[in-house]
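See below for the structure under consideration.
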Amino acid sequence: MIPFDFQPRTRIVFGPDSLDQLGKLTRELGATRVLVVSDSGVIQAGHTQRGIDCLKESGVEAFLFDGVQENPSTKNVATGVAFAKEHQPQLIVGLGGGSAMDCAKGINFLLTGGGEMKDYWGVGKATKEMLPMIAVPTTAGTGSEAQSFALITDAETHVKMACGDKKAACRIALLDPKLTVTQPKKVTALTGIDAISHALETFVTKKRNEMSLAFSREAWRLLAANFVKVLREPENIEARGAMQLGACFAGLAIENSMLGAAHALANPLTAHYGIVHGQAVAVMLPSVIRYNGEAFDDLYRQVLSISADLPGYPSPDKGADGLASLIQSWVDEAGLATNLNQLSINGEKLDLLSADAAKQWTGHFNPREVDADEFSKLYQSAMQ
């Protein structure tokens, strides 16, 4: 068995209309001045204002920072810190997708500890206690609400920095599946595939352990049964709730076992081509599954056995190849690109991409060893 150190720090509140509890939960944490970090899409959908109204009804003063972009950068965080210093919040609410939650964590690092974001790149770099945080995810994807990591992109180098510290864990994750209904189909697809990749990568990493596997299994069970359903029935609250829980459980799995080569391959695609993270993961994940399956096919057979009773689902004996084909079929149904050529990536930056992938932290946790040469082969395999 692989040793682990499980430190649950996040209270999880789940259910339709649970956003209505935001003000009460904030007051329970002793705060009356709150920084709300959100993005334009969530604001336009009306979720941000509803959250602010819930805070105000409980006597909580809220200050909205809306300068969040996809893959939040050090510039976004710096602007947010300056805004926060003007209003001196006692608590931070990250209301939105993974970008809003990561930006909120980034602001918290610098607001409480000072310095620059790169000072916290790695694990355990926070020297001071941080403000309490409440995460309100409006997507079912990153699972950031259940993690102590913030992914922040360096505005100059475009490198994604994973900044993790147990002090950065949210005090409360408020999961309201009704908030995910307003997502466009493509956002549902992109975030859903990301969550699925988290369940699958955490199931096979070198750091997998009995605790992480418990979350990975349940995440996969929920996500595998409901991903296609939410694409076809976007207003199905039961399916939306299952996806949101699955994403959260996959986030808890990441917290205890990390990720693998698919994410190492995806990040350079985002940095150099601007490919959305979920799409980058979607196009690389099948190749990684097949690559790992050459040495760890039994692990993928175990994954398939979890939901073997689903109609049209591959039998466990199909192993990695069957699972990879299943993922590709889901990506295709979601209307996403299934190979790099469809994204106009034909190998002209192959050496650069491969070298960058080899520098990614998550690659070190992949069950099968990977280096720049292997990453190059994986990119090539995903081109058609």
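The values are calculated or read from the model by the stated rules, or taken from the named source; none is laboratory data. Just so it is clear, the model here is predicted, and its values are computed rather than measured. For neighbour counting, all protein chains shown are included, and Cβ atoms are generated from backbone atoms with ideal geometry for every residue, glycine included.
Can you tell me which residue is modelled with the lowest pLDDT among those in the stretch 189-233 that are within 17 Å of LEU299 (Cβ to Cβ), in a helix (DSSP H, G or I) and among the hydroxyl-bearing types (Ser, Thr, Tyr)?
SER212
Can you spot a residue in the stretch 206-213 that is farther than 15 Å from LEU326 by Cα, under 16 Å from the mean Cα position of the chain (by Cα) and either of a type outside the set (Lys, Arg) or surrounded by fewer than 23 Cβ atoms within 10 Å (Cβ to Cβ) (or both)?
Yes, the conditions are met somewhere in the stretch 206-213.
Residue check: is TYR313 of a type in the set (Phe, Trp, Tyr) and buried (at least 20 other Cβ atoms within 10 Å of the Cβ)?
Criteria not met by TYR313.
To keep it simple, each residue is scored yes or no on (1) buried (at least 19 other Cβ atoms within 10 Å of the Cβ); (2) over 26 Å from LEU151 (Cβ atoms).
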{"site": "TYR273", "(1), (2)": "no, no"}
{"site": "TYR300", "(1), (2)": "yes, yes"}
{"site": "VAL331", "(1), (2)": "yes, no"}
{"site": "LEU336", "(1), (2)": "yes, no"}
{"site": "LEU352", "(1), (2)": "no, no"}
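Does any residue of the stretch 303-310 turn out to be closer than 25 Å to ALA162 by Cβ, acidic (Asp, Glu) and loosely packed, with under 14 Cβ neighbours inside 10 Å?
No, the stretch 303-310 contains no residue that is closer than 25 Å to ALA162 by Cβ, acidic (Asp, Glu) and loosely packed, with under 14 Cβ neighbours inside 10 Å.
Give the stretch 355-384 a look and list any residue that's of a type outside the set (S, T, N, Q), touching a Ser or Thr at 6+ places or on another chain (Cβ under 8 Å) and not in a loop (DSSP other than H, G, I, E, B), or say none.
Listed by number, the residues that qualify are PHE365, ALA372, ASP373, PHE375, LEU378, TYR379.
On the basis of being in contact with a Leu (Cβ under 9 Å, 6 or more places away or on another chain), outside the structural domain of ALA247 (by TED's automatic domain parsing) and under 19 Å from GLY141 (Cβ atoms), does HIS87 make the cut?
no
When you scan the stretch 1-20, how many residues do you find that are modelled with pLDDT of 95 or more and either surrounded by fewer than 13 Cβ atoms within 10 Å (Cβ to Cβ) or among the basic types (Lys, Arg) (or both)?
2
So which of THR10, THR32 is under 20 Å from PHE109 (Cα atoms) and of a type in the set (Val, Ile, Thr)?
After ruling out the rest, the residue left standing is THR10.
Just for the stretch 153-175: of the residues that are out of contact with any Ser or Thr (no Cβ under 6 Å at 6 or more places or on another chain) and among the hydrophobic types (A, V, I, L, M, F, W, C), which one is nearest to LYS186 (Cα to Cα)?
So, considering only residues that are out of contact with any Ser or Thr (no Cβ under 6 Å at 6 or more places or on another chain) and among the hydrophobic types (A, V, I, L, M, F, W, C), the one nearest to LYS186 (Cα to Cα) is LEU175.
Residues ALA324, ALA337, ALA320: which one is under 26 Å from the mean Cα position of the chain (by Cα), at pLDDT 95 or above and assigned to a loop (DSSP other than H, G, I, E, B)?
ALA337
Outside the structural domain of ASP102 (by TED's automatic domain parsing), among the aliphatic types (A, V, I, L, M) and touching a Cys at 6+ places or on another chain (Cβ under 9 Å), is that true of ALA224?
Against the criterion (outside the structural domain of ASP102 (by TED's automatic domain parsing), among the aliphatic types (A, V, I, L, M) and touching a Cys at 6+ places or on another chain (Cβ under 9 Å)), ALA224 does not qualify.
Is at least one residue of the stretch 172-181 in contact (Cβ under 8 Å) with a residue 40 or more places away in the chain, out of contact with any helix residue (DSSP H, G or I) (no Cβ under 7 Å at 6 or more places or on another chain) and not assigned by TED's automatic domain parsing to the domain that holds ILE254?
Scanning the stretch 172-181 turns up no residue that is in contact (Cβ under 8 Å) with a residue 40 or more places away in the chain, out of contact with any helix residue (DSSP H, G or I) (no Cβ under 7 Å at 6 or more places or on another chain) and not assigned by TED's automatic domain parsing to the domain that holds ILE254.
Within the stretch 121-139, restricting attention to residues that are aliphatic (A, V, I, L, M) and at pLDDT below 95, which residue is farthest from TRP220 (Cα to Cα)?
ALA126
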